[in-house]
Each structure stands twice: as structure tokens, then as C-alpha cells.
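Asker: Below is the structure I would like to discuss, written out as C-alpha cells.
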Amino acid sequence: MGKTMIIACRSFHHELEAAFDALGFSQPIIWLDSGLHNFPEKLRLELQKTLDGLRDVDRVLLTFGFCGNAVVGLKTGSFELVLPRADDCIAVFLGSSEAKRKLERTYFLTKGSLEGERNIWAEYQYAVNKYGIASGKRIFSAMLGNYKYLGILDTGGYDVASIHPLTDEIAIALELEKKVIPASFNYITALLTGPWDASRFVTIAPQTEITLASLNA
């Protein structure tokens with residue numbers, strides 16, 4: 001097999017590290033800021049810039065979900081590209097997009113997502129500091145009106161108990177019912193090792209543009 005490169009979102013940091021440890025892997029990773037997920041067009045541009053900069057690579061493993069279709073329009077170079085057939089990182093941790101959709105009215109958090117610069121807690125604190133606690137709470141009550149639960153994913157990539165104090169505080173402030181949800185990094189392990197079954201992964205040939213049709217095939 002030729003040279004493989006991994007491009008990953010920093011929200012997967014703990015799970016990729018755990019998968020590497022489990023597999024005995026040691027391979028460089030190109031990391032992209034998790035905050036880019038809030039701006040799909042910026043994420044697409046940064047991903048394309050990263051892909052365009054690759055040299056002497058035969059395969060790229062993209063540790064992202066579809067991320068609001070931010071991957072649509074990406075063009076491969078002289079390499080094959082493989083990514084999970086999943087709506088987003090939460091679907092990857094849960095094993096499928098279908099599994100995520102079954103958990104209705106849930107706002108999901110992981111340790112990795114809380115470490116990102118533009119996470120929900122940082123945004124809440126910014127709103128409270130800028131507008132005052134009453135107005136900040138009203139803003140987030142409107143934003144999260146369709147949510148009932150704060151779902152903490154126990155992915156196996158970190159000690160979930162280590163974030164309980166913070167997530168308890170977040171649940172109280174956002175007036176959501178906290179629950180811990182079993183998850184895993186198995187999907188990531190499968191991405192790293194293959195084979196890449198079409199039911200779980202999207203494989204894009206060299207010199208090809210990703211389309212909606214290819215994601216939904």
C-alpha cells in the first residue's frame with residue numbers, strides 16, 4: 001500500500017490518540033481547527049488548501065463527517081480520499097447518522113468539543129459577559145429551545161468522569177437534562193485500518209470532485 005495521510009478535526013484528538021494506541025500506530029496527522037465547523041465554507045476552503053498542498057500521497061483518510069456538506073465540492077489530487085459516511089463527528093462516535101437521529105432533542109458534547117475555541121460553553125459565557133446573565137440566558141434559551149438533553153458522549157477516548165464537574169455546570173446553566181451516552185472510537189479505528197465498505201465509508205477516486213450524489217450513493 002502506498003503512502004497514506006490523515007487529515008483530522010481537532011475534536012477527534014482524544015479518540016484518534018486512543019485508536020492509535022490500540023492499533024500501535026505512529027503516523028503524522030494534519031490537524032484542522034474544530035471551530036471551522038461553524039463556517040462550512042471556511043472549512044471547505046481550508047480542507048481544499050490542505051489537500052492541494054499534499055505531495056507523494058496515495059490515499060487520504062479524512063477524519064470528518066459531512067459537516068453541513070462542507071466536503072461537497074472538494075477536489076482530490078493524485079490520491080484516493082476516504083471519509084466516514086456520517087453527518088458529523090457525533091454520528092461517527094455513535095456509529096452512524098441513524099443512531100444520532102434516534103437521540104432526539106439532544107445537544108451533544110465530548111471532551112474534544114469542549115476544548116475547541118468556539119464551543120457552546122465559551123459562547124454562553126461570552127453572551128453572559130456581554131449582555132448580562134438574564135439576557136444571556138434568554139439568548140441561549142431561544143437558541144436551545146428545541147433541546148431537552150445535554151448528551152455527554154463516553155467515547156472511550158478519555159475519562160468521561162474528568163468532565164463531569166464542567167458538564168454538570170453547563171447543564172444547569174443551559175437548563176438541559178444531562179445524560180451520559182455510550183459511544184466509541186470504533187468507527188475511527190475502521191477508518192484507519194480498512195477495508196472501507198461503501199455502506200460506512202465514502203471513497204473518492206483521484207482527480208475527482210465530491211458531489212452530493214457521491215455522499216448519498
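The values are calculated or read from the model by the stated rules, or taken from the named source; none is laboratory data. These figures come from a predicted structure and were not determined experimentally. Neighbour counts run over all protein chains shown; Cβ positions are idealised from the backbone, glycine included. Keep in mind that these areas ignore ligands, DNA and RNA; they rest on the heavy atoms of the full protein, side chains included. Shrake-Rupley method; radii C 1.70, N 1.55, O 1.52, S 1.80 Å.
Asker: For residue 206, work out the one condition from (1) on the phi > 0 side of the Ramachandran plot; (2) open to solvent by 30 Å² or more (accessible area, probe 1.4 Å) it doesn't fulfil.
Answerer: If we test residue 206 against (1) on the phi > 0 side of the Ramachandran plot; (2) open to solvent by 30 Å² or more (accessible area, probe 1.4 Å), just (1) comes out false.
Asker: (1) open to solvent by less than 30 Å² (accessible area, probe 1.4 Å); (2) modelled with pLDDT of 95 or more; (3) within 18 Å of residue 215 (Cβ to Cβ): which one isn't true of residue 70, the others all being true?
Answerer: (2)
Asker: Additional query: Would you confirm whether any residue within segment 40-57 is among the charged types (D, E, K, R), under 21 Å from residue 192 (Cβ atoms) and open to solvent by 40 Å² or more (accessible area, probe 1.4 Å)? Quick ask: steps written out before the conclusion?
Answerer: The initial filter retains those residues of segment 40-57 that are among the charged types (D, E, K, R), namely 41-42, 44, 46, 49, 52, 55-56.
Pick out the ones that are also under 21 Å from residue 192 (Cβ atoms) and you get 56.
Subsequent filtering for residues that are open to solvent by 40 Å² or more (accessible area, probe 1.4 Å) retains 56.
Yes, segment 40-57 contains a residue that is among the charged types (D, E, K, R), under 21 Å from residue 192 (Cβ atoms) and open to solvent by 40 Å² or more (accessible area, probe 1.4 Å).
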